[in-house]
1. Give the residue that is surrounded by the most Cβ atoms within 10 Å (Cβ to Cβ), with candidates limited to residues of segment 57-101 that are touching a Leu at 6+ places or on another chain (Cβ under 7 Å) and without any contact (Cβ under 8 Å) to a residue 12 or more places away in the chain.
2. Quick one: would you say residue 19 is of a type in the set (D, E, K, R), out of contact with any helix residue (DSSP H, G or I) (no Cβ under 6 Å at 6 or more places or on another chain), surrounded by fewer than 12 Cβ atoms within 10 Å (Cβ to Cβ) and farther than 23 Å from residue 89 by Cα?
3. Evaluate segment 5-15: report whether one residue or more is part of a helix (DSSP H, G or I), of a type in the set (A, V, I, L, M, F, W, C), open to solvent by 50 Å² or more (accessible area, probe 1.4 Å) and within 30 Å of residue 124 (Cβ to Cβ).
4. With at pLDDT below 95 and open to solvent by 80 Å² or more (accessible area, probe 1.4 Å) as the only criterion, which of 116, 125 stands out?
5. Every residue in segment 34-56 that is open to solvent by less than 50 Å² (accessible area, probe 1.4 Å), outside any helix (DSSP H, G or I) and in contact (Cβ under 8 Å) with a residue 24 or more places away in the chain, please.
6. Pull out all pairs, ordered by first then second residue, where Cβ-Cβ is under 9 Å, the residues are six or more apart or on different chains, the first lies in segment 103-132 and is in a loop (DSSP other than H, G, I, E, B), and the second is modelled with pLDDT of 90 or more and open to solvent by 90 Å² or more (accessible area, probe 1.4 Å).
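The values are calculated or read from the model by the stated rules, or taken from the named source; none is laboratory data. As the structure is a prediction and not an experimental result, all values here were calculated from the model. A quick note on method: Cβ atoms are made from the backbone with ideal geometry, for glycine too, and the neighbour counts reach across all protein chains shown. Keep in mind that these areas ignore ligands, DNA and RNA; they rest on the heavy atoms of the full protein, side chains included. Shrake-Rupley method; radii C 1.70, N 1.55, O 1.52, S 1.80 Å.
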Amino acid sequence: MKTITEVGMLLSMPVKTIRYYDDIGLLGTLSRANNGYRQFNQRNIEQLKLIQGARNAGFSIGETRDLLALFNNENRVSRDVKAMTHEKITHLKSKIESLNNVLQQLESLHDSCAGDDSKECAILDGLSKSCK
């Protein structure tokens, strides 16, 4: 059994984040020491590693909860995990495309701005027109 501080150091995860994941029920029921402190077994640490990996990969808390349910289900089928991952990939590709469009618009505005001492600014003009 490990303390929350030990687990935080082991995973390079803030203790506050671990507490949050516990408070919202991602870790199930944790053991408690006589003093009420959380105690983490190897399974809890594996769950936290999965949570950390899923969050780093862009999965929401809800999606991470679904992944954890599959992780903890001995009868899971990999097709379900693959389907969730495919959905996330599709979402991320769409977001990247959207961000690339924003980037191109900003670069165009940036390039059209004289950047001199005049009060005229193509960036401000362009941004104020893009909100129709």
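1. 80
2. On the way: of a type in the set (D, E, K, R): yes; out of contact with any helix residue (DSSP H, G or I) (no Cβ under 6 Å at 6 or more places or on another chain): yes; surrounded by fewer than 12 Cβ atoms within 10 Å (Cβ to Cβ): no; farther than 23 Å from residue 89 by Cα: yes.
Considered against the rule, which asks whether it is of a type in the set (D, E, K, R), out of contact with any helix residue (DSSP H, G or I) (no Cβ under 6 Å at 6 or more places or on another chain), surrounded by fewer than 12 Cβ atoms within 10 Å (Cβ to Cβ) and farther than 23 Å from residue 89 by Cα, residue 19 comes out as no.
3. Start the filter on segment 5-15 by keeping residues that are part of a helix (DSSP H, G or I), which leaves 5-11, 15.
Filter once more, so that each one left must be of a type in the set (A, V, I, L, M, F, W, C): 7, 9-11, 15.
If we keep only those that are open to solvent by 50 Å² or more (accessible area, probe 1.4 Å) as well, we get 9-10.
Retained after the next criterion (residues that are within 30 Å of residue 124 (Cβ to Cβ)): none.
No - not one qualifying residue is present in segment 5-15.
4. Working: 125 fails: open to solvent by 80 Å² or more (accessible area, probe 1.4 Å).
Within the list 116, 125, the selection yields 116.
5. 38, 40
6. Going by the 9 Å Cβ cut-off, the qualifying pairs are 113/124; 130/105.
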